[in-house]
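Each value in this text was obtained by applying a stated rule to the coordinates, not by laboratory testing. Bear in mind the structure is a predicted one, so any value in this text is a computation, not a measurement.
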Amino acid sequence: MFSVPHPFMSSYNGENFGFVHHESSNYFALRDKLLEGHISTLDGERLRVGMYCKTFEDYISTARKYGFEIVQMEEARVKPDQLNDNPAFFESVNGIPLHLVAKLRKPVSQLENNTNVAESANTLNTLP
């Protein structure tokens, strides 16, 4: 599983979480642009962060290009228990997708199925 900032966050600017508005609000024009922003910790410390905007198409085509199967994809969000525990902190991002979380799998090729497992490039035997 991996998690990346969600492109929708590029247009959001709140007290605890936000990204500086880019000169373009066009979703596709934001592709590969560095967006600077901030997140706050629960104790109030404000941290500078950055993200490169990618589209769903970018993630899907890159996964396929390198031979991965997409097992699962979901948009991470504030959970009800988090909102109940700290509404002042999480209310500003309630209902907004925060990250895209993907679980990918690299299938074992037919060639690897026919070779000795100890000789496979996917085994720990290849590590120094």
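How much length is gained if the chain between Ser25 and Ser61 is pulled fully straight, taking 0.36 nm per residue apart and subtracting their Cα-Cα distance, in nm to one decimal? Walk me through the intermediate numbers first.
Values: separation 36, 0.36 × 36 = 12.96 nm, distance 2.32 nm.
In short, 10.6 nm is gained.
Taking θ = phi - 60°, what integer Hz values does the Karplus form 6.51 cos²θ - 1.76 cosθ + 1.60 yield along the range 43-50, in sequence order, with x for Gly and Pro?
Using θ = phi - 60°, the values come out as 8, x, 6, 9, 10, 7, 9, x Hz.
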